[in-house]
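The structure under discussion appears below in the form of structure tokens.
Read-outs throughout are calculated quantities, based only on the coordinates presented, and are distinct from any laboratory measurement. Everything numeric in this text was worked out from a predicted model, so none of it was measured. Quick reminder, even Gly has a Cβ in these numbers, built from the backbone with ideal geometry, and neighbours come from all protein chains shown.
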Amino acid sequence: MINDEFYDGLSEEHQQIIDWASKVAVNAGRSMSRIIEASDSGLPKLSGGMAVNAITPEAREAFVAAAQPAVREVIEARYGETGTELLNAMLAAIDEAAE
């Protein structure tokens, strides 16, 4: 995530570099997560010391519906307008990625 005003003030070349670097970072992070999850230190190790509960998509939606208002309230109270703007941007990006 980057400040829009800062990003818009960059040259087109620098914007392209930032865009490329962010895609590379996301891909690298996902790759590392997959490697860790598949290793002996990932889910196999974790599952030995905890219970894993799989939930239905409907149960997940119910959880989201119950939790999001509380999360939004905390963010608005602690971080004000800036926090609310960042939350809205994040939620919009999630919706966009889900499409």
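Classify the range 23-75 as rounded, prolate or oblate, taking a ≥ b ≥ c as the square roots of the eigenvalues of its Cα gyration tensor: rounded when a/c is under 1.5, otherwise prolate if a/b is larger than b/c and oblate if not.
Oblate.
Can you compute the charge dipole magnitude of the range 54-99 about its Cα centre, using +1 on each Lys and Arg Cβ and -1 on each Asp and Glu Cβ, nothing else charged? Give it in debye, rounded to the nearest 20. Let's see the in-between values first.
Working: 3 positive and 9 negative charges, 47 e Å.
The calculated dipole for the range 54-99 is roughly 220 debye.
Under the rule of at least 5 residues apart or a separate chain, name every residue whose amide H is placed under 5 Å from the amide H of L10.
The list, which skips near neighbours in sequence, is empty: none.
Could you point to the residue in L43, L91, G80 farthest towards the positive end of the chain's charge dipole, with +1 and -1 charges on the Cβ of Lys/Arg and Asp/Glu respectively?
It is L43, whose Cα lies furthest towards the positive end.
If a/c stays under 1.5 just call it rounded; otherwise compare a/b with b/c (prolate if a/b is bigger, oblate if not). Do that for the range 54-99, with a ≥ b ≥ c from the square roots of the Cα gyration tensor eigenvalues. Intermediate values should be presented prior to the final figure.
Values: a/c = 4.17, a/b = 1.49, b/c = 2.80.
Since a/c reaches 1.5 but b/c is at least a/b, the shape of the range 54-99 is classed as oblate.
Averaging over every viewing direction, what projected area does the convex hull of the Cα atoms of the chain cover, in nm²?
Mean projected area for the chain: 9.3 nm², to one decimal.
Enumerate the calculated ³J(HN,Hα) couplings along the range 84-99 in order (Karplus 6.51 cos²θ - 1.76 cosθ + 1.60, θ = phi - 60°), each rounded to whole Hz, writing x wherever the residue is Gly or Pro.
Listing the rounded values in order: 5, 4, 5, 4, 4, 5, 5, 5, 5, 5, 5, 4, 5, 5, 6, 6 Hz.
Would you compute, from DSSP H runs of 4+ residues alone, the mean residue ellipticity of the chain at 222 nm, taking -39500 (n - 2.57) per run and dividing by the full residue count, rounded to the nearest 500?
-27500 deg cm²/dmol
About its Cα centre, what dipole magnitude does the chain give when the only charges are +1 on Lys and Arg Cβ and -1 on Asp and Glu Cβ, stated in debye to the nearest 20?
The dipole of the chain has a size of about 740 debye.
For the range 54-68, take each phi angle, set θ = phi - 60°, evaluate the Karplus expression 6.51 cos²θ - 1.76 cosθ + 1.60, and give the result in whole Hz per residue in order, putting x for glycine and proline.
Karplus values, whole Hz, x for Gly and Pro: 8, 10, 6, x, 5, 5, 5, 4, 5, 5, 4, 4, 7, 7, 4.
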